[in-house]
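The values are calculated or read from the model by the stated rules, or taken from the named source; none is laboratory data. The model shown is predicted, which means the values in this text are computed figures rather than measured ones. When we count neighbours, we look across all protein chains shown, and the Cβ atoms used for this are built from the backbone with ideal geometry, even at glycine. For the accessible areas, the whole protein counts, side chains as well, though only heavy atoms, and no ligand, DNA or RNA atoms are used. Shrake-Rupley method; radii C 1.70, N 1.55, O 1.52, S 1.80 Å.
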Amino acid sequence: EAQVTQNPRYLITVTGKKLTVTCSQNMNHEYMSWYRQDPGLGLRQIYYSMNVEVTDKGDVPEGYKVSRKEKRNFPLILESPSPNQTSLYFCASMRQGVNTEAFFGQGTRLTVV
Amino acid sequence: EDQVTQSPEALRLQEGESSSLNCSYTVSGLRGLFWYRQDPGKGPEFLFTLYSAGEEKEKERLKATLTKKESFLHITAPKPEDSATYLCAVQARNQFYFGTGTSLTVIP
């Protein structure tokens with residue numbers, strides 16, 4: 001089954017404690033990206049990756065890091081989380097080209113206290 | 001500035017009452033316009049991708065159309081199970097920009 005898998009689904013952490021949210025896709029997609037979703041602001045892109053070892057900033061990259069060492073995985077790293085990073089996070093993947101479909105993970109609800 | 005605006009914010013329909021959702025955009029270098037459905041607590045579910053003005057795509061009771069400045073998602077004879085938030089996104093260069101969505105409620 002084609003899917004994007006995020007872990008964990010829920011996470012409560014304290015300010016400053018480094019954390020990683022994992023994302024894996026089984027469709028051999030080149031393009032992967034991370035979003036945060038906040039009430040009234042919609043989905044905003046944090047980082048994206050066009051392929052292995054190629055990453056770039058989206059609209060709201062401050063406070064986040066990513067890496068793309070393998071095609072299937074695209075982890076999101078918060079080196080020193082702060083309360084304003086409390087949000088619902090989604091990972092997505094997409095094949096490049098026309099008539100493409102985009103797939104989202106189930107989301108990670110992060111609370112930073 | 002790249003921008004996507006969806007209207008209305010919320011829409012209540014009687015079952016069988018057809019309507020349209022609007023997505024207007026201002027981007028440079030449009031590579032595609034995407035429609036998604038999102039149910040509470042879940043990730044967005046892909047519906048359509050449109051690439052050029054005049055293009056139309058259909059799926060069951062949904063039909064998406066695209067002009068140079070906006071897209072419409074037409075819902076024909078909706079059912080209660082169509083209740084969800086519908087999101088529009090544009091791909092400009094390699095980035096994605098989302099609207100804030102239209103929350104649709106279909107009343108039996």
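Figures for the structure shown
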| item | result |
| --- | --- |
| Efficiency of FRET from Cβ geometry, B:E17 and A:Q96, R₀ 35 Å, rounded to 0.05 | 0.35 |
| Accessible-area composition of the protein assembly as shown, carbon plus sulfur, in percent [1.4 Å probe] | 48 |
| Residues in region A:96-113 that, when all protein chains are in place, have 40 Å² or more less accessible area than the chain alone would give (probe 1.4 Å) | A:N99, A:T100, A:A102, A:F104, A:Q106 |
| Percent antiparallel among DSSP beta bridges (both partners in chain B, rounded to 5) | 90 |
| Vicinal HN-Hα couplings computed from phi for region A:46-57 (Karplus, 6.51 cos²θ - 1.76 cosθ + 1.60; Hz; Gly/Pro x) | 9, 9, 9, 9, 7, 4, 4, 6, 10, 10, 8, 6 |
| Tail fraction, Cα-Cα pairs, region A:29-69, threshold 12 Å, whole percent | 56 |
| Cross-link reach list, lysines versus B:K79, counting only Cα pairs under 25 Å and skipping chain neighbours closer than eight places | B:K42, B:K57, B:K59, B:K63 |
| Hydrodynamic radius of chain B per Kirkwood, over alpha carbon pairs, in Å | 13.8 |
| Along principal axes, Cα extents of region B:59-108, largest first, whole Å | 42, 19, 16 |
| FRET efficiency estimate (nearest 0.05) - Cβ-Cβ, A:L88 to A:Q3, R0 22 angstrom | 0.75 |
| Net charge contributed by nearby residues that have their C-beta within less than 10 Å of A:R95 (K/R +1, D/E -1) | -2 |
| Residue among A:K71, A:K18, A:K57 with the largest mean-square fluctuation in a Gaussian network model of chain A, springs linking Cα atoms under 10 Å | A:K18 |
| Accessible solvent surface per residue of chain B, calculated while the other protein chains remain in place, 1.4 angstrom probe, Å² | 47 |
| Whole-Hz couplings from phi, Karplus 6.51/-1.76/1.60, listed for region A:35-43; x for Gly and Pro | 10, 10, 10, 10, x, x, 10, x, 7 |
| Computed Kirkwood radius, in angstrom, where 1/r is averaged over Cα pairs of region A:18-113 | 13.5 |
